[in-house]
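The values are calculated or read from the model by the stated rules, or taken from the named source; none is laboratory data. Keep in mind that what you see is a predicted model, and the values were worked out from it rather than measured. Virtual Cβ from ideal backbone geometry, glycine too; neighbours counted across all protein chains shown.
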Amino acid sequence: MTTPDPALYRPCAGLMIINEERRVFVGKRIDTKEGDWWQMPQGGVDPGEDLTEAAWRELFEETGIARDKAEILARSERELFYDLPPELKGKLWGGRYVGQRQSWFLMRFAGEDADIDLAAHDPAEFNAFRWIEPARLPDLIIPFKRPVYEAVLEMFRPHL
């Protein structure tokens, strides 16, 4: 299998956040017009930004969870790539990328649900959240991201 050209893919930090019951945080995207898709927090890495700092920033921006309410347990050893479906290519991210290359972080949430504030950042990414069994992740994500979620589950399985 040939590794895709990283320059064609938007760099991204993805977060698998687990609570004390080992359930995974998923949010319902505000901008999803079709389907009932839920996803884990993820977001672009700013130019010159360290991946770990991007992960902490995305944690707060998408969930409102403060650093003192979470800890990083693991990080993916390799980037995971996905391609945008044809109807989205050229429309997202100014048409600059054909997909994303994601580095994933497994985080343990040490707070209460009251510590989650989906409106902490404007614009908000999610309008609802829930905690689910890890095995349900691939069924809840939009289909073109499913292989990435299956790979993330496999990578972090020893911690789940």
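Hey, can you tell me all the residues within the range 4-19 that are in contact (Cβ under 8 Å) with a residue 24 or more places away in the chain and not aliphatic (A, V, I, L, M)?
PRO4, PRO6, TYR9, ARG10, PRO11, CYS12, GLY14, ASN19
Taking only the range 85-141 into account, find how many residues are under 19 Å from THR32 (Cβ atoms) and either in contact with a Cys (Cβ under 7 Å, 6 or more places away or on another chain) or of a type outside the set (Asp, Glu) (or both).
26
Considering (1) modelled with pLDDT under 95; (2) surrounded by fewer than 18 Cβ atoms within 10 Å (Cβ to Cβ), say which one ALA66 fails and leave the rest.
Going through (1) modelled with pLDDT under 95; (2) surrounded by fewer than 18 Cβ atoms within 10 Å (Cβ to Cβ) one by one, ALA66 breaks only (1).
Quickly run through the range 16-50 and pick out the residues that are under 17 Å from ALA124 (Cβ atoms), assigned to a loop (DSSP other than H, G, I, E, B) and among the aliphatic types (A, V, I, L, M).
ILE30, MET40
Looking only at the range 58-84, which residues are of a type outside the set (Ser, Thr, Tyr), closer than 19 Å to PHE156 by Cβ and touching a residue at least 40 places away in the same chain (Cβ under 8 Å)?
Selection gives GLU58, LEU59, GLU62, ILE65, ALA70, LEU73, ALA74, GLU77, GLU79, LEU80, PHE81.
Restricting to the range 127-144, what's the tally of residues that are in a helix (DSSP H, G or I) and over 13 Å from PRO41 (Cα atoms)? It would help to see each step written out before you state the result.
Going through the range 127-144, the residues in a helix (DSSP H, G or I) turn out to be 134-140, 143-144.
Remaining after also requiring over 13 Å from PRO41 (Cα atoms): 134-136, 138-140, 143-144.
Final tally of qualifying residues: 8.
Among the residues of the range 51-93, how many are closer than 23 Å to ARG29 by Cβ and either assigned to a helix (DSSP H, G or I) or of a type in the set (Val, Ile, Thr) (or both)?
15
Mind checking whether some residue in the range 6-16 is in contact with a helix residue (DSSP H, G or I) (Cβ under 9 Å, 6 or more places away or on another chain), closer than 22 Å to LEU137 by Cβ, loosely packed, with under 13 Cβ neighbours inside 10 Å and not aliphatic (A, V, I, L, M)?
Checked the range 6-16: no residue is in contact with a helix residue (DSSP H, G or I) (Cβ under 9 Å, 6 or more places away or on another chain), closer than 22 Å to LEU137 by Cβ, loosely packed, with under 13 Cβ neighbours inside 10 Å and not aliphatic (A, V, I, L, M).
Taking the residues in the range 60-103 that are aromatic (Phe, Trp, Tyr) and under 23 Å from ASP122 (Cβ atoms) as candidates, determine which candidate is farthest from the chain's Cα centre (by Cα).
Out of the qualifying residues, it is TRP93.
Residues checked against (1) at pLDDT 95 or above; (2) crowded, with 16+ Cβ neighbours inside 10 Å; (3) not acidic (Asp, Glu):
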{"position": "ARG96", "(1), (2), (3)": "no, no, yes"}
{"position": "ALA110", "(1), (2), (3)": "yes, no, yes"}
{"position": "ILE116", "(1), (2), (3)": "yes, yes, yes"}
{"position": "PRO123", "(1), (2), (3)": "no, no, yes"}
{"position": "GLU133", "(1), (2), (3)": "yes, no, no"}
{"position": "PRO143", "(1), (2), (3)": "no, no, yes"}
{"position": "VAL152", "(1), (2), (3)": "yes, yes, yes"}
{"position": "PHE156", "(1), (2), (3)": "yes, yes, yes"}
